[in-house]
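Okay, so here's the structure we're looking at.
The values are calculated or read from the model by the stated rules, or taken from the named source; none is laboratory data. Bear in mind the structure is a predicted one, so any value in this text is a computation, not a measurement. Here Cβ is always computed from backbone atoms with ideal geometry, including for glycine, and neighbour counts include all displayed protein chains.
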Amino acid sequence: MDSTFALMQEAMALLDAAQARRDTLSLEELAGALGLSPSHFQRTFSRWVGVSPKRYLQYLQLDHAKALLKDHSVLDTTLALGLSSPSRLHDLFLRWEAMAPGAAAQGGAGLTIAWGTFESPFGPVVAAGTSQGLCGLAFTAELGEQGARFDLKRRWPEATWEERPEALRSWVDNAFARRGAVPLAVAGGPFDLKVWQALIAIPEGAVATYSHIAEAIGNPKAVRAVGSAVGRNPLAWLIPCHRVLRRDGALGGYHWGLPVKRGLLAWESARRDSAAAAPSEAMA
């Protein structure tokens with residue numbers, strides 16, 4: 001994986017820690033902690049995230065997450081379109097490959113699942129996959145590496161698990177670089193699958209509430225069940241349950257740790273705003 005990911009991982013962790021302390025971190029201090037010159041770090045960070053480190057720090061604040069809930073026009077339309085055509089995912093680099101229902105119902109009996117640990121800009125991840133595609137992706141920040149492996153393996157306890165990271169590396173690299181193709185070998189009950197498809201339909205840089213999801217799948221009273229389905233999501237980042245907030249704009253829970261969720265939302269918001277500003281900047 002590109003060494004830039006490791007650098008961004010460390011930089012984002014430092015920024016998140018500073019935000020949690022309600023502290024300021026100058027460009028010079030941040031670059032020095034990473035062993036880089038301020039100018040080199042500024043260029044590298046801005047190229048990857050889309051905004052400066054100082055601006056990114058603003059996206060980490062809770063008030064920004066609350067503000068995202070006020071923009072529903074794009075969200076409502078995209079949710080409807082995404083659910084009307086589940087084969088065409090909002091994140092076009094993903095490809096939905098439903099796992100055989102029998103294999104899922106039998107705890108993965110007969111399946112061979114490869115697994116491995118990888119670096120990402122949001123911390124280490126444990127990935128798992130079959131010959132069809134990725135079936136699990138777990139950040140280790142909250143659970144630890146061993147806990148993340150257990151979390152994935154308990155979903156398919158009867159499968160044969162093999163540590164073969166090279167079998168998954170291209171998919172994992174593509175997932176975090178947002179390029180190429182990333183097939184998802186998903187398995188779940190009909191309700192879970194509906195909820196997960198709705199999550200993928202939420203645009204990058206936008207958020208939804210559990211009520212939004214319940215309404216989008218045609219079951220507005222099933223808010224609690226939606227929350228449970230969101231919590232059962234086996235594919236962090238790719239099925240973006242981090243884009244779901246509580247109705248009051250609070251982050252709510254996150255299976256893989258709230259600092260990771262805050263970082264994911266900040267990164268996506270920064271990229272969206274950077275892309276939106278690019279045309280006007282180019283015309284200026």
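The table that follows gives values for the structure above.
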| quantity | calculated |
| --- | --- |
| Pairs with Cβ under 8 Å, 6+ apart, first in region 123-152 and closer than 12 Å to Ala185 by Cβ and in the same structural domain as Gln9 (by TED's automatic domain parsing), second part of a helix (DSSP H, G or I) and of a type in the set (Phe, Trp, Tyr) | none |
| Some residue of region 207-222 being farther than 26 Å from Gly116 by Cβ, under 20 Å from the mean Cα position of the chain (by Cα) and modelled with pLDDT of 95 or more | no |
| Boolean, Asn233 is over 14 Å from the mean Cα position of the chain (by Cα), of a type outside the set (A, V, I, L, M) and at negative phi | no |
| Residue in region 165-178 that is of a type in the set (S, T, N, Q), touching a residue at least 60 places away in the same chain (Cβ under 8 Å) and outside any loop (DSSP other than H, G, I, E, B) present | yes |
| Every residue from region 1-49 that is at pLDDT below 75 and of a type in the set (Gly, Ala, Ser) | Ser3, Ala6, Ala20 |
| Filtered residue count, region 152-197, keeping only those that are hydroxyl-bearing (Ser, Thr, Tyr) and in contact with a Pro (Cβ under 9 Å, 6 or more places away or on another chain) | 0 |
| Residue, nearest to Val126 (Cα to Cα), within region 163-190, restricted to residues that are of a type in the set (D, E, K, R) and loosely packed, with under 12 Cβ neighbours inside 10 Å | Glu163 |
| Sole exception among (1) among the polar types (S, T, N, Q); (2) assigned by TED's automatic domain parsing to the domain that holds Pro121; (3) touching a residue at least 24 places away in the same chain (Cβ under 8 Å); (4) part of a helix (DSSP H, G or I) for Ser269, by number | (2) |
| Filter result (crowded, with 16+ Cβ neighbours inside 10 Å, more than 16 Å from Gln146 (Cα to Cα) and either in contact with a helix residue (DSSP H, G or I) (Cβ under 9 Å, 6 or more places away or on another chain) or small (Gly, Ala, Ser) (or both)) within region 120-134 | Ser120, Pro121, Phe122, Gly129, Thr130, Gly133, Leu134 |
| Ala141 being in contact with a helix residue (DSSP H, G or I) (Cβ under 7 Å, 6 or more places away or on another chain) and assigned to a strand (DSSP E or B) | no |
| Meets criteria (part of a helix (DSSP H, G or I) and surrounded by fewer than 17 Cβ atoms within 10 Å (Cβ to Cβ)) for Leu14 | yes |
| Candidate set from region 30-50 (those that are under 24 Å from Leu264 (Cβ atoms) and of a type outside the set (A, V, I, L, M, F, W, C)); member that is surrounded by the most Cβ atoms within 10 Å (Cβ to Cβ) | Gly50 |
| Extreme residue, nearest to Gly205 (Cα to Cα), among residues of region 33-53 that are of a type outside the set (A, V, I, L, M, F, W, C) and in contact with a Ser or Thr (Cβ under 9 Å, 6 or more places away or on another chain) | Gly50 |
| Check on Thr117, surrounded by fewer than 18 Cβ atoms within 10 Å (Cβ to Cβ), under 13 Å from Val172 (Cα atoms), in the same structural domain as Trp161 (by TED's automatic domain parsing) and out of contact with any Leu (no Cβ under 8 Å at 6 or more places or on another chain) | yes |
| Residue match in region 205-227 (condition: in the same structural domain as Ala141 (by TED's automatic domain parsing) and in contact with a His (Cβ under 6 Å, 6 or more places away or on another chain)) | no |
